[in-house]
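Inspection log for the structure reproduced underneath, given as structure tokens.
The values are calculated or read from the model by the stated rules, or taken from the named source; none is laboratory data. Since this is a predicted model, take the numbers as computed values, not measurements. So basically every Cβ, Gly included, is an ideal-geometry build from the backbone, and we count neighbours across all protein chains shown. The accessibility values were calculated without ligands, DNA or RNA, using every heavy atom of the protein model including side chains. Shrake-Rupley method; radii C 1.70, N 1.55, O 1.52, S 1.80 Å.
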Amino acid sequence: MSPFLSLSLFLDGVFRSSGLFPGQEKTGYMWEGSMRKVVVAVMGCLIASGLVMSMMVFVEAVYMTTVVIIVKLLRRTPEKVHKWEAMKDDVELAHSNYPMVLIQIPMFNEKEVCELSIGAACRMSWPWDRMIIQVLDDSTDLTCKELVKEECGKWARKGVNIKSEVRDNRNGYKAGALKAGMKHVYVKHCDYVAIFDADFQPDPDFLARTIPFLLHNPDLALVQARWKFVNANECLMTRIQEMSLNYHFMAEQECGSSLHAFFGFNGTAGVWRISALKEAGGWKDRTTVEDMDLAVRACLQGWKFVFVGDIQVKSELPSSFETYRFQQHRWSCGPANLFRKMTMEIMESKRVSLWKKAYLIYNFFIVRKIVVHMFTFVFYCLILPASVLFPEVEIPQWATIYVPTAITILNVMATPRSFHLLVFWVLFENVMAMHRTKAALIGLVEAGRVDEWVVTEKTGHNTLKAQLVPAKPWERRRSGGVHWEEVAVGLYMLVCGCYDMAFGRTYLFVYLFLQSIAFFVAGVGFLGTPISCS
């Protein structure tokens, strides 16, 4: 018996027993029919909206993949599209033909990885007299501050021009640190700035492979390298993250670089032309995605970007579910908030074409940063389960089977070795879509945690086994707590699945049961690598 029928029968009994409406024997059934028609109409509108968003996401995925395939078939590598010549030593000029490069490494209590990142930067095969390594240490942990200071001193004694810059506050977080770093007098002698987060370890030839793009192409502002994950095999959650991020690089950034000469700067593993950075207005801390903010402003000034996928920089993926949730909140809330702040600025820009404005607003922001999250959660985790309660409402097979299957396969193509994890990837991404949707809404309305910045914890790949302590199940739950949002959605999908198994005409309950299990697993914290409670 449906809840509407139960309510109508209750009202019918009340009316008849009260004597207020004698003879109205079928009031409850009329009420149930009217209410059901209203709900069915609302469901129809929601499904129609979901189908539109489904096609938006599908077309975008096919569009990006098609561009990438064409680029690969035509072998349009960045070195062929842009002028590129290897740097050569000149006996007469010594190292003066090498441009001066600033290397910034922002840090905050990164004692597990600070030695790795500083060491990797200092080992780069670039003349030591033509680069300045700037460690921007905002640490509040005294042990970490001392460790950074000692590491910088060690390399300074070897002849490396390295400086440890410490602020007396954390205003602006990473953006504030980078902005403060650019104000030092010695930066005036630098032409380019390379930025690496604390867990990133560039290969020695990083500058030798990236700087020539900027040196020989005056219209380029940014060279972005790809990320390589040193702990991708640590657990199932890191394998799934690898799949999603590989797709981001393979499709979104490769497509944006090849067709539009624009993509969102990843905040690390990239080299900027300092004059372009200044022309765009420098670093701003108005959102938690200062990197994307800078990239959009530079694009509106007419600057171009290039993504070089063959250059890969080692980095670390979050291995605990709590850490990953905080990271995804920032990565989803920030872009939505930036879209709110920059829409009019993009539309009013006179230095970029109408085509690029449309790409920025529709493709880059609306579809990839907002619609994809909301559509995934609302359609597949709320509307689709509810549809089993209303047989009058039909969702076409192409929306429930063919389109999501095609989108999933396109995503997995970026990581062929993980194809067997396809089902786990779908279930986990749907769980995370709930957090991304919530974060995107917070960013759009500028509410609550819109300015929240939680530094992603690192463990340091070289000392990973020593740092992680296997925790008992109850310790893991006590550490992260129960996530009631996931539990609630999991229960909702479980109920809908049971109803569909008992009264439905399809096998949708198989998906509903699997997805509910995924929400329950996330809800009790049994995801990622267990970390001790100490």
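For this structure, a couple of remarks:
- Failed condition for HIS189, given (1) open to solvent by 40 Å² or more (accessible area, probe 1.4 Å); (2) free of Cβ contacts under 8 Å to residues at least 60 places away in the same chain; (3) more than 23 Å from LYS80 (Cβ to Cβ): (2)
- When each of ASN233, ASN217, ASN246, ASN266 is tested for being free of Cβ contacts under 8 Å to residues at least 12 places away in the same chain and among the polar types (S, T, N, Q), the lone residue that passes is ASN233.
- Residue under evaluation LYS278, criteria (1) more than 30 Å from VAL426 (Cα to Cα); (2) modelled with pLDDT of 95 or more; (3) in contact with a helix residue (DSSP H, G or I) (Cβ under 6 Å, 6 or more places away or on another chain); (4) open to solvent by 40 Å² or more (accessible area, probe 1.4 Å), criterion not met: (3)
- Tally of residues being within 16 Å of LEU102 (Cα to Cα) and β-branched (Val, Ile, Thr) across the range 122-154: 3
- Only one entry in ALA120, ALA86, ALA41, ALA48 is assigned to a helix (DSSP H, G or I), open to solvent by 40 Å² or more (accessible area, probe 1.4 Å) and either modelled with pLDDT of 90 or more or in contact with a Ser or Thr (Cβ under 6 Å, 6 or more places away or on another chain) (or both), namely ALA48.
Every residue, every condition in (1) in contact with an Asp or Glu (Cβ under 9 Å, 6 or more places away or on another chain); (2) open to solvent by less than 10 Å² (accessible area, probe 1.4 Å), yes or no:
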site	(1), (2)
LEU220	no, yes
LYS228	no, no
GLU252	no, no
CYS255	no, yes
THR268	yes, yes
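- Residue among GLY460, GLY448, GLY480, GLY443 that is modelled with pLDDT under 75 and touching a helix residue (DSSP H, G or I) at 6+ places or on another chain (Cβ under 6 Å): GLY480
- Test: residue in the range 369-382 that is touching an Asp or Glu at 6+ places or on another chain (Cβ under 6 Å) and either open to solvent by less than 50 Å² (accessible area, probe 1.4 Å) or touching a residue at least 60 places away in the same chain (Cβ under 8 Å) (or both): no
- When residues of the range 230-246 are limited to those that are touching a helix residue (DSSP H, G or I) at 6+ places or on another chain (Cβ under 6 Å) and open to solvent by less than 20 Å² (accessible area, probe 1.4 Å), the one nearest to LEU294 (Cα to Cα): MET243
- Within the set GLU150, GLU115, GLU146, the sole residue that is closer than 18 Å to ASP197 by Cα, assigned to a helix (DSSP H, G or I) and open to solvent by 70 Å² or more (accessible area, probe 1.4 Å) turns out to be GLU115.
- For the range 155-212, a residue qualifies if it is in a strand (DSSP E or B), of a type in the set (Gly, Ala, Ser) and over 23 Å from the mean Cα position of the chain (by Cα), and exactly one does: SER164.
- Residue check for LEU427: surrounded by 15 or more Cβ atoms within 10 Å (Cβ to Cβ), at pLDDT 95 or above and in a helix (DSSP H, G or I): yes
- Within the range 51-80, considering residues that are of a type outside the set (S, T, N, Q), farther than 21 Å from THR408 by Cβ and in contact (Cβ under 8 Å) with a residue 40 or more places away in the chain, the one most open to solvent (accessible area, probe 1.4 Å): ARG76
- Residues that are at positive phi and either without any contact (Cβ under 8 Å) to a residue 40 or more places away in the chain or crowded, with 23+ Cβ neighbours inside 10 Å (or both) within the range 281-293 comprise just one, GLY281.
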